[in-house]
Every structure is written in C-alpha cells, then in structure tokens.
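Only one structure is covered here, and it is reproduced in the block below.
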Amino acid sequence: MKLTTLIVTSFVLAVAGCSGDDGSPQPIDAADVDADPNAIDAPAVCSGGTLGYLDTCTMAAGECGSCECHSFGHTVVCTTTCTTDADCAAPSAGCTGGFCRR
C-alpha cells in the first residue's frame, strides 16, 4: 500500500509542477544570457551596407543598405520585402516570393 501512495504522490507533485505551462516560450532575460554557458547566441543585427536597391550582391545581406540580398536564379541583388508588385519601387520588375526583383 505504501508503494501505491508513493507513486500517486509523485504523480500529483509532477503534474502540479507543470500547471500553468501553456507551452509558450519563456522570455529571455538579457542578464541571464551571459551567465548560461549553453545559451544560443542571437543572430547578428545588420546595420546596412553600402550597396543600393537592386545592386548586384554576393548573398551577404550585410552588403546591402536594405540588409536583404536575394537570389532570383539569374541574378542576386539587394532588395526589399514585398507583398504585391505595387510595393516595389522602379525599376523593379515586381514582387516574387516576398522580395522585389530586378
């Protein structure tokens, strides 16, 4: 009988410890990041390069003032994101896959 009580008590405590956990990611405290040796580094923030809109780039987003270098198969250019052709300034040929193409 004592083993059953121990098992039930362990289960209840385990479930109680999980209550309120909705599965959403917990916020990261910046002060804790350096203290955790297993912390994953955040991606570098692009500060914008010197190449302009629709200039040819080499797939390095940091080259572009827009921080977006994208391949369209036949060309790789600095671009901006879009949802429609109207979002793309001239001389762009329109919006493809969420990016303004040359």
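No lab work stands behind these numbers, since they all come straight from the coordinates. Everything quoted here is computed from the prediction, not taken from an experiment. FYI the Cβ positions are ideal-geometry reconstructions off the backbone, even for glycines, and counts take in every protein chain you see.
A few remarks follow.
- Distance (nanometres) between label positions extended 7 Å along Cα→Cβ at residue 58 and residue 96: 2.3 nm
- For the stretch 43-102, the percent of C-alpha pairs falling in each 5 Å distance bin, counted from 0 to the bin holding the largest distance, reads 4, 25, 30, 23, 14, 3, 0.
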